[in-house]
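This report refers to the structure that appears directly beneath it.
The values are calculated or read from the model by the stated rules, or taken from the named source; none is laboratory data. Note that the structure is a prediction, hence the values are computed from the model and not measured. Because the Cβ atoms are built from the backbone with ideal geometry, glycine has one as well, and the counts that use them run over all protein chains shown. Ligands, DNA and RNA are excluded from the accessible area calculation, which covers all protein heavy atoms including side chains. Shrake-Rupley method; radii C 1.70, N 1.55, O 1.52, S 1.80 Å.
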Amino acid sequence: LRHPALRAPHVISAASVAGFRAALDGLGFTEIHTPKVVASATESGANVFAIDWFGTPAYLAQSPQFFKQAMVGVFERVYETGPVFRAEPHDTARHLAQYTSLDAELGFITDHRDVMAVLREVVAGMTEAVARQAGEECALLEVALPKVPERIPEIHFARAQELIAAHTAEDPRGEPDLAPAHERWLSEWALREHGSEFLFVTGYPMVKRPFYTHPEPGRPEYSNSFDLLFRGLELVTGGQRLHRYEDYLAALAARGESAGPYEGYLSAFRHGMPPHGGFALGLERWTARLTGADNIRRATLFPRDLHRLNP
C-alpha cells in the first residue's frame, strides 16, 4: 500500500468522507455515533453475524437505521459514518461482509424527493472535496470526476422495466428488483439521454424494501424509495420511512412478523415522529467506481469477506 497507485484510492476515500461531512454540516445536520452491537436484526431478510454479549445473544449491526430514525426526533437532521456488517454469502467484486456506510436521516419532509435533493448536494460536495483534497491522486489514477447535474435525472422503477423490455432482448417486467445488467443498461441510457453519470430509480416494489418503507400514495405496491445508480452500479439506497406507530404495527403484521423484537425501536414512534427519510451510501463502492477499480477490495484497506479475516 506504500505504492502511490495503491495508496491513492484511500486518499480519495478520505477526501470523500470529508466532503460528506462538510456538505451535511452545511445543511444543518448533527453527526451521531450509534452502537454496532444490537439486540435484534435491523432489516428483515438480511443475514446477521451473531455474537455472545456476556451470555446474551446479540448481533453486529447491519445498519444504524433504527438509531438514526429515533434521533430525527431529537436533532431533526442527523448523519453517521461507520462500519456495518452483512453476513450475506456474496462472493463478488462488489460485495463485502463489512463496509463503511455513510448514513443520513432528516425530518419534516414531504416525501422521498426531499431526501433525493439532499443526496444530490452530498454527492456534489464529495466530488468537490475529492477534487480539492486529492487532486494529485486523481491525476495519478487518471480519475475522471463526474459532473453532478443540478437535478439528477430520475425514472420510476415500472417505467425503467418497460424501457428495458422495449430496447433489449430481456423482459424484466414483474421482477421485484433490477439485475446488475439492468442497472448498467439504465446508466448507459441516462448518460445517452440526459448526459448524466447519475440516475435515480424511484418507486421500487414494496416486497423488496424493508418494512419501515413508506408506500407510494395511490400505488401501495410501490414505495417512496429510490436507488442512486452511478456508472452502472447501485451506489445509494434511500427513501421515505413510515412515521406513525400504528403504520409500523400494520406493516410488520402484513409481513407476518411480531412487533416484539422491535419494541425498543417502535417505542420512539409512540410519542410522535415527523415525516422523515434518509439514505445510506457505501463508501467503498463510491471509491471503487470513482477510481475505476475492477474490484471493491482495491478501495478497501483491510477487506472482510467470505474468505478473509486477516490481516
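Points worth noting:
- Here residue 207 meets each of (1) among the hydrophobic types (A, V, I, L, M, F, W, C); (2) touching a helix residue (DSSP H, G or I) at 6+ places or on another chain (Cβ under 6 Å); (3) outside any loop (DSSP other than H, G, I, E, B); (4) under 29 Å from residue 64 (Cβ atoms) with one exception, condition (2).
- Once region 91-128 is narrowed to residues that are under 18 Å from residue 240 (Cα atoms) and either in a loop (DSSP other than H, G, I, E, B) or among the acidic types (Asp, Glu) (or both), the residue that is most open to solvent (accessible area, probe 1.4 Å) is 108.
- Selection over region 281-301 of residues that are open to solvent by 30 Å² or more (accessible area, probe 1.4 Å), within 16 Å of residue 83 (Cβ to Cβ) and either part of a helix (DSSP H, G or I) or in contact with an Asp or Glu (Cβ under 8 Å, 6 or more places away or on another chain) (or both) gives a count of 2.
- Members of region 63-98 that are out of contact with any helix residue (DSSP H, G or I) (no Cβ under 7 Å at 6 or more places or on another chain) and small (Gly, Ala, Ser): 63, 82, 87, 97
- Of the residues making up region 55-81, those that are open to solvent by less than 40 Å² (accessible area, probe 1.4 Å) and of a type in the set (Val, Ile, Thr) are 72, 78, 81.
- Residues satisfying the stated conditions in region 217-228, i.e. in a strand (DSSP E or B) and farther than 18 Å from residue 175 by Cα: 228
- The single condition from (1) under 20 Å from residue 202 (Cα atoms); (2) not hydroxyl-bearing (Ser, Thr, Tyr); (3) not in a loop (DSSP other than H, G, I, E, B) that residue 243 fails is (3).
- Hits in region 166-204 - residues which are touching a residue at least 40 places away in the same chain (Cβ under 8 Å), hydroxyl-bearing (Ser, Thr, Tyr) and assigned to a loop (DSSP other than H, G, I, E, B): 196, 204
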